[in-house]
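First the structure, in the form of structure tokens, and then the observations on it.
The values are calculated or read from the model by the stated rules, or taken from the named source; none is laboratory data. Model, not experiment: these values are computed from the prediction. Counting neighbours? That spans all protein chains shown, and the Cβs are built from the backbone with ideal geometry, glycine included. The protein model used for the area step is the full one, side chains on, heavy atoms only, and it has no ligands, DNA or RNA in it. Shrake-Rupley method; radii C 1.70, N 1.55, O 1.52, S 1.80 Å.
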Amino acid sequence: TNAVSTNDYLQKCDAGSVIQSALIAATYDLPIDGNLGFAAIVPYGDKAQFQMMYKGFIQLAIRSGEYRDMNVSEVYADELKSYNPITGQVTFVDDFTNAVMRYEPDAKKRAENVVGYYAWFQLNKGFSHGLYMTKAEVEAHARKYSQAYQRDLNKGWTSSRWSLDFDAMAKKTVIKMLLSKWGILSIDMQGAIQDDQKVYDADGNGVYIDNPETETGPEEVVDVFAEDTAQGLPESTEQAEPSAQQGEGQQEFDWGNSDDSELPWN
């Protein structure tokens, strides 16, 4: 009720799909408050979709009881010592007292010095694994799987979530790819990843999204619902241009981007 009352676009969605999305979130015992960053209900046209956020995946992994520790973070230039893209081995500086870019007060300067993103976990049985992606690799990933981000780059817009919060999207991509390839996936985790790809109708029938991007939408909704959908889905062949009624200077906004390849069932 709170989610719908504060979102005009959810009010226009099929009520059954909104309720179904809320029930899915309840199944995983995840709050749908976008500010908490675990899960959200996102409007896609006239349908609402349950959508996982990166904290939600971490939460489900912790609940499985299989993980001793895990983390995901951006990596700054003064923190990285070496990276082998063939073996996937990455080493960091031994003394972080001299690696202070993370604490640089100038946000723009910090952002300019992010060179990659790293996710890591250790199981209770001792097995550990990490995944490092350079910023260029994540950028290429976003360009390939998010048509809204491609449109932003081509038109100089700032509308898609990749444009608005690149770091958050990058961290979700890295942690989800790591867990899906190397982690122990509980039944809840497997179900959550699948549900993250679907739109449910009033009867509870899941339909995989062909094109999870609507033509227009307000920036404030994008800011609240920060996560994107899984990839491995057919991409639309074309994107609509802003209509004449939008007026000059207004933009198309992204309700969800394709993301997170390497899923175990693909």
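Mind checking the per residue accessible area of region 1-160 for me, 1.4 Å probe, whole number of Å²? It would help to have the intermediate numbers written out before the result.
Numbers: 8370 Å² over 160 residues.
The answer is 52 Å² per residue.
Å³ per residue of the Cα convex hull, for region 55-207?
Working: hull volume 23.4 nm³, N = 153.
Considering the Cα atoms of region 55-207, their hull volume per residue is 153 Å³.
What does the charge add up to near SER73, with Lys and Arg as +1, Asp and Glu as -1, over the other residues with Cβ less than 11 Å from its Cβ? Display every interim value, and only then the final one.
Numbers: positive: ARG102, LYS171; negative: GLU74, GLU79, ASP167.
Local net charge: -1.
Restricting to Cα pairs below 8 Å that are 6+ residues apart, what does the relative contact order work out to for region 1-120? Please round to a whole percent. Don't skip to the end; give the middle numbers.
Numbers: 145 pairs, mean separation 21.8, N = 120.
Computed over region 1-120, the figure is 18 percent.
Assuming 1.002 mPa s and 20 °C, estimate D for region 1-124 with Stokes-Einstein, Rh taken as the Kirkwood radius over Cα pairs, in µm²/s. All intermediate terms of the calculation are to be shown ahead of the outcome.
Details: Rh = 17.6 Å.
Translational D for this selection: 122 µm²/s.
Just grab the label-to-label distance for VAL93 and LEU23, each label 7 Å out from Cα along the Cβ direction, in nm (one decimal).
Going from the VAL93 label point to the LEU23 one covers 5.3 nm.
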